[in-house]
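Trainee: Can you read through this structure? Questions will come right after.
The values are calculated or read from the model by the stated rules, or taken from the named source; none is laboratory data. On a predicted model such as this, the values are computed, not experimentally measured, just so you know. FYI the Cβ positions are ideal-geometry reconstructions off the backbone, even for glycines, and counts take in every protein chain you see.
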Amino acid sequence: MPAPTPVSPQNSTCAQCRKPFDITAADQAFYAKLNVPAPTWCPRCRMIRRFTFRNLRALYKRPAHGSNNQSVLSCFPADSPLPVYTQATWNGDSWSGFDFARDYDFTRPFFTQFAELLQATPWPTTLNLHVENSDFCNQVSHLKNCYLLFNSGFDEDCLYSTNLLNSKNTMDCLNVTGCELSYELIDCGKCYQCAYLQDSKNCSNVWFSINMMDCHDCFGCVNLRNKRFYIFNEPYTEVEYRRKLGEIFPASAKQVKNIQERVQVLRLKQPVRFMHSTRNENVTGDYLLNCKNAQQCFMSQDLEDCSYCQLILFGASKDSYDISIAVGERCYEIQEAGGYNVQFSWRNMPKNLATGAINLDNLQYTVHCSNVSDLFACVGMRNARYCIFNKQYSKEEYFALRTKIIEHMKEMPYTDAHGRTYSYGEFFPPELSPFAYNETIAQEYFPLTKAEALAQGYRWRDEDHKTYSTTLRAADLPDTPATAAANMRQLTKDTITCAHQGTCTHQCTGAYRIIEAELAFYQRLKLPLPHLCPNCRHYGRLAQRNPIALYPRQCTCTLAGHNSHTANTQCPTTFQTSYAPNRPEKIYCEYCYQKEIL
C-alpha cells in the first residue's frame, strides 16, 4: 500500500478580522472526517462568535409569556421579541416543538428562515435545573440556597460566583471546585476556610496567597508546597505565627489592598510556570486539567484529541473542535450543547447532568433540544428523531431533504447586515443571537467599547434607566468588620453606590445591596465589606487570570544545572504561553520550574 500523501497547512484569511490563519493538516483531517467545509473565520473569531450567544450575568425583571404575565428574572430583557416562558411552563406539556413545524423554502437563505423559527419558539427565562431556593442564578444545576451563581453546579449556601462546583458556604469565587467556607478564590480546589487565594489546591486557613499546594495556616505566600505557619514565605513557630497574624488581620479594605500589592511584589521574585497545567499530555493552551492531545484549549478539563475548546468543565470530551461550555465526542462549533456527532448547535440540554446522560446524537443547527437524535435545523424539540425545521419525516425523507438543504445553503449563502456571508459549515451569525455583545461573556474575555462592537458587526445594549436611588456610598462603608457589626441591621437595607459608578466596561450595575447571608459571612471570616458591585468584583477576578491567547516565548531561567545551560545563560527551551512577552514575570519551562519549586 502506498504511503499517504502528506497534507500541507492551508493558509486562509479570516472573514471577520481579516487576519491570516493556518488550517493545519490535523484540522483538515478532522473536517474531512466530519464531512464539513473548512472554517472561514479564524479560531479566535470563531470563539468570540460563540461567546456572543452566551449571556450569564445580565438579568432583567420582565413578564413571562404563557403564565398570565408572571414577573420573572430572565436573561432576556422585557423588550426582547422572543416568547419567554417560566422554567416550569417551558419544561411542561402545554406546548411542543412540533407546534412550530414548517416546510423549508428553497427561495430564501437558510439562516433567514432559521431566525424566524428561533423567534417563534418558546424560550426559558433562564437555564436552571434542579435548584432549591436559588432563583437568582443562571446556567446552573443542582443548587440549594445559592444567590447570583453562574455556570455552576452541585453547590449549597454559596454566593456571587462563576464556574463553582461541589462547594459549600463559599462566596465571590471563579473556577473553584470542592471548597468550603472560602472567599475570593480563583482557580482553586479542595480548600477550606481560605480567602484571597489563587491557583491553589488542598489548603486550609491560607490567605492572600498564590500557587500553594497542600499548605495550612499560611499568609501572604507564593509557590509553597506542604508548608505550615508561613507569612510572606518566612517560617514561624505556631505561637509566633498566630501572634503575628493577629497584628496583621483582621484588616480594613485599604489594608487588604496593601497586602495584595505586597504579595504581587513577592510573586514577581518567584518563577512562574509557563502554563497552568495539571496531569496533561501533549497540550497547548492554559488552565488545563487531565487533558491529552489538546491544542489551543483553555479553561478545560478531561479533553482528548481536541482543539480550539474553552470552558469545558462538566464532563469529558473527545475528538472535538471549537466547542465551548459543552461535553461531547465528534462535535464541532457548538456551545452549551454536546452529545455525539453534534455540529453548529447551541443550548441543547443533556438528559441528566448528574448521571452524565446526554442523549443528543447526530444533530446540526439545533437549539433548545433534549433527548433527540438525527435532527437538522430544529428548535425546542424533545424526544424526537428525523425532523427538519421541527417537521417530522421518515428516515429516507429526512436524509434526502437534509442533503438538499445543505446544497442550497452553499448555493444561496446568507448575508448579514455587516456584509459577511454564511454558508453551510458556519456557526450561527452573531445577529441571530438574542443578546447584545456587552451582555455576553464575549465582553468578559474580549472587552470592546460600544463603537468597537458596532464597527465589528455586533449589537450593543445601552444601560437601562435606573429608577432606584442609592442611600450609601461605597467610600462611606464601615472600615473594619468590627465597625460593620455595629451597623448590621441598617447595612442590609442600604442601596450602595458601586465605586465604579457605571464608568467601567464591566457590566457595572451602578449600585448593589448586601444581603443578610452575605453580611453574616463577612462577620464570620472577619472580612471587610466590598466596595464594588458583584459584576465589577467578577471582572476583577477575571483580570487576575491570563488571557485566552498564546505567545511564543523562551524559558527565562539562568540557573546552572536546571537544564542544558550553564550559569548565567538562558535555558534554550521554547514554548507557547499565555504570558505575553512584555509581562514582568520570570517564566520557566516545565523542567526548570520543577527543579526550582519542587
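Trainee: Yes or no: segment 44-66 includes at least one residue that is surrounded by fewer than 13 Cβ atoms within 10 Å (Cβ to Cβ) and more than 30 Å from Lys404 (Cα to Cα). Write out each step before concluding.
Mentor: Step one: of segment 44-66, the residues surrounded by fewer than 13 Cβ atoms within 10 Å (Cβ to Cβ) are 61.
So of that shortlist, the ones also more than 30 Å from Lys404 (Cα to Cα) come out as 61.
Looking through segment 44-66, at least one residue is surrounded by fewer than 13 Cβ atoms within 10 Å (Cβ to Cβ) and more than 30 Å from Lys404 (Cα to Cα).
Trainee: Yes or no: segment 245-265 includes at least one residue that is more than 20 Å from the chain's Cα centre (by Cα) and closer than 22 Å to Leu598 by Cβ. Spell out how you get there, then give the answer.
Mentor: The first filter runs over segment 245-265 and keeps only residues more than 20 Å from the chain's Cα centre (by Cα), leaving 245-265.
Still in the list and also closer than 22 Å to Leu598 by Cβ: 263.
Yes - at least one qualifying residue is present in segment 245-265.
Trainee: Among strands (runs of 3 or more DSSP E) lying entirely in segment 293-343, which contain 3 or more residues that are crowded, with 24+ Cβ neighbours inside 10 Å and touching a strand residue (DSSP E or B) at 6+ places or on another chain (Cβ under 7 Å)? Full working, then the answer.
Mentor: Details: elements: 303-307, 321-324, 327-329, 332-335.
In segment 293-343, 321-324, 332-335 are the strands (runs of 3 or more DSSP E) which contain 3 or more residues that are crowded, with 24+ Cβ neighbours inside 10 Å and touching a strand residue (DSSP E or B) at 6+ places or on another chain (Cβ under 7 Å).
Trainee: Same structure again: Would you tally the residues in segment 206-230 being part of a loop (DSSP other than H, G, I, E, B) and among the small types (Gly, Ala, Ser)?
Mentor: Count: 1.
Trainee: Return the residue satisfying two criteria in turn: it lies in segment 194-238 and is out of contact with any helix residue (DSSP H, G or I) (no Cβ under 9 Å at 6 or more places or on another chain) and among the charged types (D, E, K, R), and of such residues it is surrounded by the most Cβ atoms within 10 Å (Cβ to Cβ).
Mentor: Top of the filtered list is Asp199.
Trainee: Mind telling me which of the residues Glu426, Glu407, Glu396 ends up being acidic (Asp, Glu), buried (at least 23 other Cβ atoms within 10 Å of the Cβ), on the phi < 0 side of the Ramachandran plot and out of contact with any Cys (no Cβ under 6 Å at 6 or more places or on another chain)?
Mentor: Within the list Glu426, Glu407, Glu396, the selection yields Glu426.
Trainee: Moving on to the next point. Would you mind stating whether Asp22 is of a type in the set (Asp, Glu) and either more than 20 Å from Gln296 (Cα to Cα) or within 22 Å of the chain's Cα centre (by Cα) (or both)?
Mentor: no
Trainee: Given (1) surrounded by 13 or more Cβ atoms within 10 Å (Cβ to Cβ); (2) assigned to a loop (DSSP other than H, G, I, E, B), identify the lone condition not met by Glu116.
Mentor: Glu116 satisfies all of (1) surrounded by 13 or more Cβ atoms within 10 Å (Cβ to Cβ); (2) assigned to a loop (DSSP other than H, G, I, E, B) except (2).
Trainee: If we scan segment 69-82, do we find a residue that is part of a strand (DSSP E or B) and either crowded, with 17+ Cβ neighbours inside 10 Å or touching a His at 6+ places or on another chain (Cβ under 6 Å) (or both)?
Mentor: Within segment 69-82, the first condition is being part of a strand (DSSP E or B), and the residues that meet it are 71-74.
Narrowing further to those that are either crowded, with 17+ Cβ neighbours inside 10 Å or touching a His at 6+ places or on another chain (Cβ under 6 Å) (or both): 72, 74.
Within segment 69-82 (the criterion being part of a strand (DSSP E or B) and either crowded, with 17+ Cβ neighbours inside 10 Å or touching a His at 6+ places or on another chain (Cβ under 6 Å) (or both)), the answer is yes, since at least one residue qualifies.
Trainee: Scanning segment 445-460 for residues that are in contact (Cβ under 8 Å) with a residue 60 or more places away in the chain and in contact with a helix residue (DSSP H, G or I) (Cβ under 6 Å, 6 or more places away or on another chain), which turns out nearest to Pro43 (Cα to Cα)?
Mentor: Looking at residues that are in contact (Cβ under 8 Å) with a residue 60 or more places away in the chain and in contact with a helix residue (DSSP H, G or I) (Cβ under 6 Å, 6 or more places away or on another chain), I get Phe446.
Trainee: Here's a follow-up. Going by what's in this entry, would Tyr386 be described as free of Cβ contacts under 8 Å to residues at least 40 places away in the same chain, outside the structural domain of Ala38 (by TED's automatic domain parsing), farther than 28 Å from Arg513 by Cα and among the hydroxyl-bearing types (Ser, Thr, Tyr)? Can you show your working first?
Mentor: Values: free of Cβ contacts under 8 Å to residues at least 40 places away in the same chain: yes; outside the structural domain of Ala38 (by TED's automatic domain parsing): yes; farther than 28 Å from Arg513 by Cα: yes; among the hydroxyl-bearing types (Ser, Thr, Tyr): yes.
Yes, satisfied.
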